[in-house]
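Here the structure comes first, spelled out in structure tokens, and everything after it is commentary.
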Amino acid sequence: MAELNVVVNNPGPGMTREQELISEVQRGHNELFYELVRPYERRVYAAALAILRNEADAEDVAQEAMLKALSHIRQFRAEARFSTWLIQITVNEALMRRRRERTAMTEGIDDRRDEEGEYTPRDFADWREIPSEALERKEVRQKLAEALGSLDRKYREVFVLRDMEQLNIQETAEVLGISVASVKTRLLRARLMLRDLLAGGWSGGWFSRLPFEKGSKPW
Amino acid sequence: MVANCEQVWREISNYLEGDVDAGLRAAMDDHFRTCQRCRSVIEGTRNVIRLYGDERMIEVPAGFGGRLKKRLSHEAHDRGSRWSTWSTWLVPLAALALFAGGLRWANSLTVEHPLQSEHAQPGHDIPPDMPVIVSAGARDFHVAGCPFIHDKDKERTLTAREAIREGYVPCVRCMRKYLETASSGVPPQPEANADADLDEDDHRGGGQ
């Protein structure tokens, strides 16, 4: 144990703390795994939730994904980012869960829509920069989550992986098993649809109870 | 190069990704300067990306981290226990296997067991101290003078008890009387010429 403390407190030359932890866990120090994944636990949960849309299932899948990552940690190679590897495992777990439970059947109607068709923005009112304080309000976060949840699955998944999980386009394509061109197309539509949904929400009143400047957008 | 509104909407996501060439970027920048609608679209899209990219947008259920940590701890402990349980069994098993292997090896060094015949029978009422002849590479033991002793250069004299202990079986010719009383099934069939020889011997013996 003394040797372990020395190693962890004094990472090797050129090694980040994360690399050091990966190396230690790969050598069998499983008790360090939580420290390794802790920075990503929220992102893992969000990825699972984006696919399953159920908090209990998402938490269960997030835990399963972490356990799977632990049991396969020796297979992790430094060519990929550890966070991307974790998200990949999570997405696979969530997709398997969804297939098992056949929830995809309940939300397949919109998915048949032609994604190659052009999306035309609907709201052209002035926007200004969103104050970060807006996110402190639970109601705002809830409305944003609802808007995201209203997207078709294929748009929601791409948007979450790219804009929330911060994977790049290529990584998003690999994780979802689709082409880069599809990722770009879906991402464009997801962003524009969310923009319209949020603008509509504001004019519809769900920001009206917030103390924003009268006559302007809340951001 | 001039970009119209439709082109801008089509490329707005790539524009924000920095994934358009310099000519298109310049054309879109020009367009944004003059088109308020498209400026609204790009500002709104930027806001969406900024808003959802904020860590605070990812909310986990209360106690999520604690539950995850607990489950991972259990798994880490279980893995240790599984190895501990396995090692509890594996060490004595490995020792036993080594001991058994060692015994077999040691045994193989001391006695070279003869091949066992499909007709081999243990015999019956063979006097244990009766001197018998064995030879290396053969599987039978014989009474002295048996014409079926092969490789006479390598023959040894043992007691019947020793020969049986070393895995030899009675010769079906010269030890016949011990075999016939012992056999409960189909008796061994001597070769025709050997039988003839034995019959001759018997006959000669009987005639003497």
* Loop-located chymotrypsin sites (Phe, Trp or Tyr not before Pro) in the stretch A:31-66, at most 15 other Cβ atoms within 10 Å (DSSP) -> none
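From other protein chains only, count the Cβ atoms within 10 Å of every residue's Cβ in B:11-21, then give the mean. Don't jump to the answer; show the numbers that get you there.
Details: counts 2, 5, 11, 4, 0, 3, 6, 0, 2, 0, 0.
Mean number of neighbouring Cβ atoms from other chains: 3.
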* To do: Can you list which of the chymotrypsin sites (Phe, Trp or Tyr not before Pro) found in the stretch B:1-62 are DSSP loop residues with at most 12 other C-beta atoms within 10 Å?
  => none
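Just want the ordering: B:Asp19, A:Asp163, A:Asp60, B:Asp153, from fewest to most Cβ atoms lying within 10 Å of their own Cβ.
Going from least to most buried by this count: B:Asp153, B:Asp19, A:Asp60, A:Asp163.
Please go through the stretch A:59-88 and write out the GluC sites (Glu not before Pro) that DSSP classes as loop and that have at most 15 other C-beta atoms within 10 Å.
Here the GluC sites (Glu not before Pro) that fit, given the DSSP loop and packing criteria, are A:Glu79.
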* Structure fact -> Simple spin-label estimate for A:Ala145/A:Met15, 7 Å along Cα→Cβ, in nm, reads 3.8
* What is the average number of partner chain Cβ atoms found within 10 Å of a Cβ in A:189-196? -> 5
* Over the whole of B:62-69, what's the average partner chain Cβ count within 10 Å per residue? Rounded to a whole number, please. => 4
* Structure fact -> With a Förster distance of 22 angstrom and the Cβ-Cβ distance between A:Gln166 and A:Arg137, calculated FRET efficiency to the nearest 0.05 equals 0.40
* Asked: What order do you get for A:18-26, B:56-64, A:70-78 when each peptide is scored by the mean count of other beta carbon atoms within 10 Å, highest first?
  -> A:18-26, B:56-64, A:70-78
* Packing-wise, with mean Cβ within 10 Å as the measure, how do A:189-196, A:90-97 rank, highest first? -> A:189-196, A:90-97
* **Sum of side-chain charges, B:Ala22 neighbourhood, beta-carbon under 14 Å (Lys, Arg +1; Asp, Glu -1)** => -4
* To do: Lys and Arg at +1, Asp and Glu at -1: add these up for the other residues within a Cβ distance under 13 Å of A:Lys68 and post the number.
  => -1
* **Pairwise label distance in nanometres, B:Lys152 with A:Ala80, each label 7 Å out on the Cα-Cβ vector** => 8.1
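Every read-out reported here was derived from the displayed coordinates using simple, explicitly stated rules and does not represent laboratory data. What you see is a predicted model; the values in this text were computed from it and never measured. Glycine also receives a Cβ, built like all others from the backbone with ideal geometry; neighbour counts cover every protein chain displayed.
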